[in-house]
Amino acid sequence: MRTRRAIGAASLVLASTAVLAGCADDPKDKAFGGLGDLDDMPSAPSAPSFPSPSGSPGLSSGGYSGGSGSGSDSGGLTGGSSPTPTVSAPPTYNPSAVGEVDGESCDYSRSSGRISYQVKIQNASADQAFRYSFTVRFKVGSSPSSTIATRTVGTSFKTVTVRGGADRTVSVHASYSNNQRFVYSCQVSTASKSPTSS
């Protein structure tokens, strides 16, 4: 019985092989159509052609000119920098006028009842005119026996323009009347300057 089953199975395998071999003999007869002869087949359609990116406007085929990359730019990205316009900076100067504004003489006139101070302004710049602003403080002693002037009796603020390389003397006054002996003083307390065109 086992021998009969083995022979039957072997016959079935041989029959199946023969059927399958017959299927492969003529592919044109099969339901899916087969491949046919290569000579009878139409040629495959060609794919549409597209322009390359290097020829299209707006696209870059290289790096940035002037940058760290190499290559040329064919489409519109550019690097580098345009020249910066030069702007001349204003001349530098020290706004402090200490050393250029000096008092020359401090006098008291009993007849006019005022203290006068002669202030000399000397422009240290050879070509630039400056507007000088300064304040003079007038002081007297606190008593007839005082030896130091400590009490302020007046201040005067002045603004003077001096051209380059020139000097100018200005008289500044403060009213004060005293028939007794007393001590007095004059002092430039502030002095500054700023450039001017005149």
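The values are calculated or read from the model by the stated rules, or taken from the named source; none is laboratory data. Nothing here was measured: the structure is a model prediction, and the numbers come from that model. So basically every Cβ, Gly included, is an ideal-geometry build from the backbone, and we count neighbours across all protein chains shown. Calculation scope for accessible area: heavy atoms of the full protein, side chains included, ligands and nucleic acids excluded. Shrake-Rupley method; radii C 1.70, N 1.55, O 1.52, S 1.80 Å.
A compact table of results
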quantity	calculated
Cβ-Cβ under 9 Å pairs, at least 6 apart or on other chains, the stretch 108-131 side farther than 18 Å from C186 by Cβ, far side open to solvent by 60 Å² or more (accessible area, probe 1.4 Å) and of a type in the set (A, V, I, L, M, F, W, C)	F130/A124
Scope the stretch 145-154; condition of a type outside the set (A, V, I, L, M, F, W, C) and either open to solvent by less than 90 Å² (accessible area, probe 1.4 Å) or in contact with a helix residue (DSSP H, G or I) (Cβ under 7 Å, 6 or more places away or on another chain) (or both); matching residues	S146, T150, T152, G154
Residue within the stretch 77-93 that is surrounded by 15 or more Cβ atoms within 10 Å (Cβ to Cβ), at pLDDT below 95 and part of a loop (DSSP other than H, G, I, E, B) present	no
Extreme residue, modelled with the lowest pLDDT, among residues of the stretch 162-198 that are in a loop (DSSP other than H, G, I, E, B) and open to solvent by less than 50 Å² (accessible area, probe 1.4 Å)	N178
Within the stretch 113-128, tally of residues that are among the aliphatic types (A, V, I, L, M) and crowded, with 17+ Cβ neighbours inside 10 Å	3
